[in-house]
Amino acid sequence: NGNVWADTMPEADQVVVTGSNIGGSQSPDWVPESIYNREAIEIDGSRSLGDFMRSVPQNSGPTFTENQSDSLAPGASAVALHGLSTDATLVLINGRRVAPYPFAQTGITAFVDLNSIPLAAIQQIEVLRDGASAIYGSDAIAGVVNVRFLPRYHGALASFGYGHTTDTDTGEYYTNLVTGYT
């Protein structure tokens, strides 16, 4: 073509796009990420994803739990990384954004209800501990929590539990059921 610039361009053998919001890509080694696999979740003994996320060290913001009676979002639970509010932490399922809970906490703060995500179906939880607003937008200022479900699950898994306090006459039962066919 006579285009000198195009003739001098080196060919690329492989193009690698980084960023955990792109499916199939691996996060670079320098990205501060905590990964909690299924075994760690089971050892923790949590009954819900909200329960488990309260034990994660980076979850130090003004979260709320399903036990708060003064909440405008009864029965819901949220995550808030690094002391920022719940609307500064992005929650993903398999790399895709999750719709916020329909009732905002305190009437103005949007959040994702962690209790609506079934704990029994989770393969691993990835917590991007650094702000990721350059990749995901302003709702990821505090960081990102990516929940990965069991892929192509075939079979059935049931778990049951009971908890009882020693000082009051209060107890709770919980069950989980995961089924799949490929």
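The values are calculated or read from the model by the stated rules, or taken from the named source; none is laboratory data. Quantities reported herein were computed from a predicted structural model and do not represent experimental measurements. FYI the Cβ positions are ideal-geometry reconstructions off the backbone, even for glycines, and counts take in every protein chain you see. Side chains are part of the model used for accessible areas, which takes the heavy atoms of the whole protein and leaves out ligands, DNA and RNA. Shrake-Rupley method; radii C 1.70, N 1.55, O 1.52, S 1.80 Å.
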Worksheet item: Going through the stretch 114-132 one residue at a time, which ones are at pLDDT 85 or above and outside any helix (DSSP H, G or I)?
Response: Ile117, Pro118, Ile122, Gln123, Gln124, Ile125, Glu126, Val127, Leu128
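If only one of Gly131, Gly95 is farther than 24 Å from Glu39 by Cα and in contact with a strand residue (DSSP E or B) (Cβ under 8 Å, 6 or more places away or on another chain), which one is it? Working first, answer last.
Values: Gly95 fails: farther than 24 Å from Glu39 by Cα.
One residue alone meets the criteria, Gly131.
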Item to complete: Check Val144 against each of (1) within 18 Å of Ala88 (Cβ to Cβ); (2) without any contact (Cβ under 8 Å) to a residue 40 or more places away in the chain and name the one condition it does not meet.
Response: (2)
Worksheet item: Considering the stretch 44-72 alone, what residues qualify as being open to solvent by less than 20 Å² (accessible area, probe 1.4 Å), in contact with a strand residue (DSSP E or B) (Cβ under 8 Å, 6 or more places away or on another chain), within 25 Å of Thr175 (Cα to Cα) and at pLDDT 65 or above?
Response: Leu49, Phe52, Met53, Val56
Response to the item:
Just one listed residue, out of Gly143, Gly171, Gly137, Gly155, is in contact with a Lys or Arg (Cβ under 9 Å, 6 or more places away or on another chain), open to solvent by less than 60 Å² (accessible area, probe 1.4 Å) and not β-branched (Val, Ile, Thr), and it is Gly143
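Here's the yes/no breakdown for (1) touching a Pro at 6+ places or on another chain (Cβ under 7 Å); (2) under 21 Å from Ala121 (Cβ atoms); (3) in a loop (DSSP other than H, G, I, E, B):
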| residue | (1), (2), (3) |
| --- | --- |
| Val145 | no, yes, no |
| Arg148 | no, yes, no |
| Ser159 | no, yes, no |
| Thr166 | no, no, yes |
| Val178 | no, yes, no |
| Thr182 | no, yes, yes |
Worksheet item: What's the number of the condition Phe103 fails, among (1) touching a helix residue (DSSP H, G or I) at 6+ places or on another chain (Cβ under 6 Å); (2) at pLDDT below 80; (3) among the aromatic types (Phe, Trp, Tyr)?
Response: (1)
Practice prompt. Mind listing whichever residues of the stretch 121-134 are open to solvent by 70 Å² or more (accessible area, probe 1.4 Å) and more than 15 Å from Ala80 (Cα to Cα)?
Written response: Gln123, Ala134
